[in-house]
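To start, the structure under review is shown below, and the notes come after it.
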Amino acid sequence: MEEHVRGIGQMARECGLTVSALRFYDGAGVLVPARVDPHSNYRWYADDQVVTARLVARLRRVGMPLADICRVLEHRRDRPVVDGILQAHLTRLEEGLDDARRELSATRSLLDQESPMTAVPSPSRITTTAEELGTALRAVRYAVSTDAELPMLTGVLLDVDGDAVRLAASDRYRLAVSTLAGAGVSGPPVSAIVPVTLVDELLAVLGDDAGPVAITVTGDDLTVETGGHTVRGRRLDHDFPDYRRLLRGSATHRVDVDAAALRAELAAAATRVVRGEEAGSEQEVSVLSLGRDGGVSFASETAGVLEMGVNREFLLEALDAGGPGQLVLELDGPIAPLAIRVPGRAGDVSMLMPIRLG
């Protein structure tokens, strides 16, 4: 074997990535071997790939998302661009530390509730309007999981931290987050999963009412008072995944779209059949194409800036949840989640996991 290449084992030792990580980055198109044996599938790497692999290893050690790593590699000769990416990630890490402090504060509150000295847990109370609560619930309800094997996803998370009140739902393939703007908060922080049955009962009661709403969380008990109605239930005894880690503050491409027009085009556009996650399986996807003019399309036959595979039904539901007006699509690449935002509601976002086209 020529001296200018090394096997995957030696490459792993030299760059600080595991063999499995090198295989993953090959599959993701981030670090493709210089040569692959056609019979054994063994990977060989060139000398000039060692530095690239070490760069990937360092970025992964600080938790940089794969999409941002790809951007660093793509613009590695453009220092201002790379510096901007690194600073944005550092900002996310600092915000993550703030999140950790809040979680530890919430942990102390839970420990206090279990203390023998505390007979009754301190209640948390959120005040808002029926209109605002209904809008926020409808914005996330579509993303609730129906998988009984993932009980922590079969409800809507009520996340109260300081003055911020968020609702979140996910089924692993999509994530929806909505903020209760202008809500009043009193009491300790809350992270409670509201069962989907209680969510649906609430939506039926709220209707088109615009009156005040009071949400009270006392231990495992949930109470919602609105318009002469009182809805009671119990939180799910599970921990919701850390959805905040998936939220991003910026995107490579931001495209303003008309929700109704995009929905009509998506519903009428042809789909493509690609290989599924399981061996021998196939799945049908819609291909979202970002054109060089900055617009998006599902019908373009010409190569654009990027193409992303999406589940058509999931995207239709996300567009419906966003409302009939203007929306903003955020794209960071073909393997990064597609984000959909509602102008004027900075805290609201729907994120869809892409489907690999190749």
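The values are calculated or read from the model by the stated rules, or taken from the named source; none is laboratory data. Note that the structure is predicted; figures quoted are calculated from it, not measured. For neighbour counting, all protein chains shown are included, and Cβ atoms are generated from backbone atoms with ideal geometry for every residue, glycine included. The accessibility values were calculated without ligands, DNA or RNA, using every heavy atom of the protein model including side chains. Shrake-Rupley method; radii C 1.70, N 1.55, O 1.52, S 1.80 Å.
For this structure, a couple of remarks:
- Taking label positions 7 Å along the Cα-Cβ direction at both VAL19 and SER186, the computed distance is 6.3 nm, reported to one decimal.
- The stretch 97-240 - percent relative contact order, Cα under 8 Å, separation 6 or more: 28
- In degrees, nearest ten, helix 130-141 long axis to first principal axis of the chain (Cα): 30
- Translational diffusion coefficient (Stokes-Einstein; Kirkwood radius from C-alpha pairs) of the stretch 191-246 at 25 °C, 0.890 mPa s, in µm²/s: 197
- The stretch 15-25 - phi-based ³J(HN,Hα) in whole Hz, Karplus 6.51/-1.76/1.60, Gly and Pro as x: 9, x, 9, 6, 4, 5, 5, 5, 5, 4, 5
- Solvent-accessible surface of protein heavy atoms, probed at 1.4 angstrom with all chains present, puts ARG79, ARG232 in the order ARG232, ARG79, largest first.
- GNM flexibility winner over the chain from VAL32, VAL287, VAL177 (Cα, springs under 10 Å): VAL32
- Residue-wise HN-Hα couplings along the stretch 332-339, as the Karplus relation 6.51 cos²θ - 1.76 cosθ + 1.60 with θ = phi - 60° gives them from phi, are 10, x, x, 10, 9, x, 7, 10 Hz; Gly and Pro carry x.
- Max mean-square fluctuation residue, GNM over the chain, Cα-Cα springs under 10 Å, options GLY347, GLY294, GLY134: GLY294
- Per residue, the accessible area of the chain comes to 53 Å², computed with a 1.4 Å probe over protein heavy atoms only.
- Note on surface exposure: HIS89, HIS253, HIS4 rank HIS4, HIS253, HIS89 by accessible area, highest first, 1.4 Å probe.
- Cα-Cα separations in the stretch 30-83 greater than 16 Å, expressed as whole percent: 49
- In sequence order, the stretch 248-254 has phi-based couplings of 10, x, 8, 9, 5, 10, 10 Hz under the Karplus curve 6.51 cos²θ - 1.76 cosθ + 1.60, θ = phi - 60°, and Gly or Pro positions carry x.
- Solvent-accessible surface ranking, highest first, for GLU282, GLU201, GLU14 at 1.4 angstrom: GLU282, GLU201, GLU14
- Each principal axis of the Cα cloud of the stretch 197-289 was taken in turn, and the coordinate range along them, longest first, works out to 50, 35, 29 Å.
- Of all accessible heavy-atom area on the stretch 36-161, the percent that carbon and sulfur account for (1.4 Å): 54
- Above 16 Å, the calculated P(r) of the stretch 54-101 contains 38 percent of its Cα-Cα pairs.
- Stokes-Einstein diffusion coefficient of the chain, Kirkwood radius over Cα pairs, 37 °C, 0.692 mPa s, in µm²/s: 143
- Shape of the stretch 77-209, Cα gyration tensor, a/c cut at 1.5: oblate
- Heavy atoms of TYR243 accessible to a 1.4 Å probe, total area in Å² rounded to 10: 10
- The chain: most fluctuating residue of THR252, THR129, THR179 per GNM, C-alpha cutoff 10 Å: THR252
- Residue separation of GLU265 and GLU313 scaled by 0.36 nm, minus their Cα-Cα distance, works out to 16.0 nm of gained length.
- Cβ charges +1 (Lys, Arg) and -1 (Asp, Glu), total dipole of the chain, debye: 980
- D_trans [Stokes-Einstein, Kirkwood Rh over alpha-carbon pairs] for the stretch 165-211, 25 °C, 0.890 mPa s, µm² s⁻¹: 190
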